[in-house]
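Below: the structure, in structure tokens.
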Amino acid sequence: MSASQSVPPAVALRREGPVGPRSDAARFDWTSVPLLLPALALLAALFLGPVIYSFYLGLTNMELVGPTSHHFNFTGTANLTRLVHDPVFPKSLLVTAIFVVGSGVIGASVIGLVLALAMERAVRPIRGIVGVIVMVAFMLPPVTVALVWYATSAGTLPAVLGRPQADFLQSHPLLMVSAANTWSLTGLAMLLFAAALRNIPREVLEFTLLENTSTLQRLSRVVLPLLRPTIVTTVLLMTLLSLANFTVVYIMTGGGPESASMILPVYSYQQAFSFDNLAYGALIGDITVLLAALFSFLYARLARGR
């Protein structure tokens with residue numbers, strides 16, 4: 001077989017490049033602007049307005065109770081200076097990074113991909129049972145997920161491991177909340193990867209079988225490159241959902257013990273509603289929004305560069 005014949009069809013099409021001007025090239029029709037105005041107005045009123053106001057509150061001295069709860073003033077960079085000297089904030093930032101990367105980017109995305117690949121080869125009954133289990137975990141309310149894993153960490157897991165007196169929420173709080181987050185998001189990741197795998201042309205996979213490639217070679221050279229857009233999208237979703245997972249962490253640990261599981265959303269809530277520092281809590285929330293926007297921008301650039 002010649003070298004030209006050993007090139008997979010998907011790769012061959014990619015090498016040929018466009019023959020002429022693309023008929024599906026992006027075009028903007030200015031006559032559609034009036035049709036977009038209602039949606040833009042809703043976006044500005046329900047999203048941009050509150051976000052801008054939150055950034056303004058982060059630069060004031062507003063408190064939840066007291067005289068400055070109604071009559072607050074603009075204080076400039078006072079809260080930023082406080083943030084720089086806050087010993088808990090850098091620890092919370094590190095805990096958030098470990099939580100998001102460990103449970104979302106690596107945990108849910110990798111396990112979801114492995115399950116989707118395994119389900120491709122599984123018999124129908126097993127595929128259905130596993131699919132139902134992981135999807136039920138994703139569809140459960142966050143409060144239920146937190147209570148399930150609270151009971152697992154404090155009772156079931158120690159009993160299974162032969163340490164009935166142990167409390168893993170006290171000894172390994174970040175690990176337990178990360179496991180709960182991974183468990184709740186894996187179903188969504190598996191669903192996205194399973195849908196993408198079904199869209200891979202069968203002739204491409206059949207060609208690799210004719211070439212006697214190993215499973216690892218087929219996965220690394222054909223399947224994963226074709227799944228790259230889905231991988232980027234899934235990792236972005238897992239990142240944003242993990243970054244916003246306030247309920248599970250707050251119910252399971254409240255950010256403790258000793259800020260060991262204090263992710264930024266929980267720290268923002270604690271400052272605003274437990275310590276009455278509404279402006280400082282808003283500033284921490286603003287940083288969370290900026291981190292989400294940064295991750296979205298980086299993933300979008302990565303997807304565009306494929």
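The values are calculated or read from the model by the stated rules, or taken from the named source; none is laboratory data. What you see is a predicted model, and the numbers here were worked out from it, not measured in a lab. Every residue, glycine as well, gets a Cβ built from its backbone with ideal geometry; the counts of neighbours run over all protein chains shown.
Considering the range 252-306, and only residues there that are touching a helix residue (DSSP H, G or I) at 6+ places or on another chain (Cβ under 6 Å) and among the polar types (S, T, N, Q), the residue that is farthest from Leu224 (Cα to Cα) turns out to be Asn277.
State which residue is nearest to Val84 (Cα to Cα) when the search covers only the range 229-281 and only residues that are in a loop (DSSP other than H, G, I, E, B) and of a type in the set (Ser, Thr, Tyr).
Applying the first criterion (in a loop (DSSP other than H, G, I, E, B)) to the range 229-281 yields 244-245, 253-263, 275-277.
Next cut, of a type in the set (Ser, Thr, Tyr) only: 253, 259, 261.
Working: Thr253: 25, Ser259: 17, Ser261: 20 Å.
So, considering only residues that are in a loop (DSSP other than H, G, I, E, B) and of a type in the set (Ser, Thr, Tyr), the one nearest to Val84 (Cα to Cα) is Ser259.
For the range 112-132, the tally of residues that are free of Cβ contacts under 8 Å to residues at least 24 places away in the same chain and either under 15 Å from Ile251 (Cα atoms) or in a helix (DSSP H, G or I) (or both) stands at 11. For the range 252-306, a tally of residues being modelled with pLDDT under 90 and in contact with a Pro (Cβ under 8 Å, 6 or more places away or on another chain) returns 4.
Residue by residue, here is whether (1) under 23 Å from Val266 (Cβ atoms); (2) out of contact with any helix residue (DSSP H, G or I) (no Cβ under 6 Å at 6 or more places or on another chain); (3) in a loop (DSSP other than H, G, I, E, B) holds:
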residue	(1), (2), (3)
Leu40	no, yes, no
Pro50	yes, yes, no
Phe72	no, yes, yes
Asn79	yes, no, no
Asp86	yes, yes, yes
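Exactly one residue out of Leu205, Leu236 is under 13 Å from the mean Cα position of the chain (by Cα) and assigned by TED's automatic domain parsing to the domain that holds Gly254, and it is Leu236. List pairs: first residue in the range 56-70 and part of a loop (DSSP other than H, G, I, E, B), second residue among the acidic types (Asp, Glu) anywhere in the structure, Cβ distance under 9 angstrom, at least six positions apart or on different chains. Sorted first by the residue in the range 56-70, then by its partner, the pairs are Gly58/Asp286; Glu63/Asp276; Leu64/Asp276; Val65/Asp276; Gly66/Asp276. Determine whether the range 136-159 contains at least one residue that is closer than 14 Å to Ser109 by Cα and surrounded by fewer than 17 Cβ atoms within 10 Å (Cβ to Cβ). No, that holds for no residue.
For Arg228, indicate whether it is under 19 Å from the mean Cα position of the chain (by Cα), of a type in the set (D, E, K, R) and either surrounded by 15 or more Cβ atoms within 10 Å (Cβ to Cβ) or modelled with pLDDT under 90 (or both). Yes, satisfied. Residue count for the range 140-154 under the criterion of being part of a helix (DSSP H, G or I) and either farther than 15 Å from Leu175 by Cα or hydrophobic (A, V, I, L, M, F, W, C) (or both): the result is 10.
In this structure, Trp183 does satisfy being buried (at least 20 other Cβ atoms within 10 Å of the Cβ), in a helix (DSSP H, G or I), free of Cβ contacts under 8 Å to residues at least 60 places away in the same chain and touching a helix residue (DSSP H, G or I) at 6+ places or on another chain (Cβ under 7 Å). The set of residues in the range 193-248 being in contact (Cβ under 8 Å) with a residue 12 or more places away in the chain, more than 23 Å from Gly131 (Cα to Cα) and among the hydroxyl-bearing types (Ser, Thr, Tyr) consists of Thr208, Thr247.
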